[in-house]
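Trainee: This is the structure I have questions about; it appears just below.
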Amino acid sequence: MTATAPSQAELAILKHLWTAGPQAAREVQDRIAGSTGWSYSTTRTLLARMTEKGLVARQDVHGLSVFSAKVEKVTLMGRLIRDFAANVLDMDGPMPATAFANSRLFSEQEAEALTRLLETSGDASEGDPK
């Protein structure tokens, strides 16, 4: 997995791609513009930056650039949550994940996987980066 954490803007795109699957930049823009207020050029710039950072993959399909999330949702979220707990809350060791069980971001299976990841004392960057 990438060593660089996504910005809030990049996270908005990742959340969309995790839900919608691979999409062209215009499709991403059309779906998130209402909540972000971004112009098409801003979305394209973010997708290019995210490709360089290893957060998304770009594939040319019939002359159209299609973007997909390159980082696995549960693994990245586990790392972000652990980083927050350690760096902001000064927490060490295993972390209960019951607070995330009702998140709209995760399916029931993903919430269970996140719980297992957070309750272990291992490194949050372990797991399949996709």
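Trainee: Between Leu11 and Glu108, 0.36 nm times their residue separation minus their Cα-Cα distance comes to what?
Mentor: 32.8 nm
Trainee: Then there is this: Given H placed on each backbone N at 1.01 Å, which residues far from Thr120 in sequence or on other chains put an amide H within less than 5 Å of it?
Mentor: Here Met95 satisfy the definition.
Trainee: Read phi for every residue in the stretch 58-72 and hand back ³J(HN,Hα) as whole Hz from Karplus 6.51 cos²θ - 1.76 cosθ + 1.60, θ = phi - 60°, with x for Gly and Pro.
Mentor: Values per residue, Gly and Pro as x: 10, 10, 8, 10, 6, x, 10, 6, 10, 10, 9, 5, 9, 9, 7 Hz.
Trainee: How long is the gain from Glu119 to Arg26 if the chain were fully straight, where each residue apart is worth 0.36 nm and the alpha carbon distance is subtracted?
Mentor: 29.6 nm
Only the coordinates and a few stated rules stand behind these numbers; no lab work does. Remember, predicted model here, so these are calculated numbers, not experimental data.
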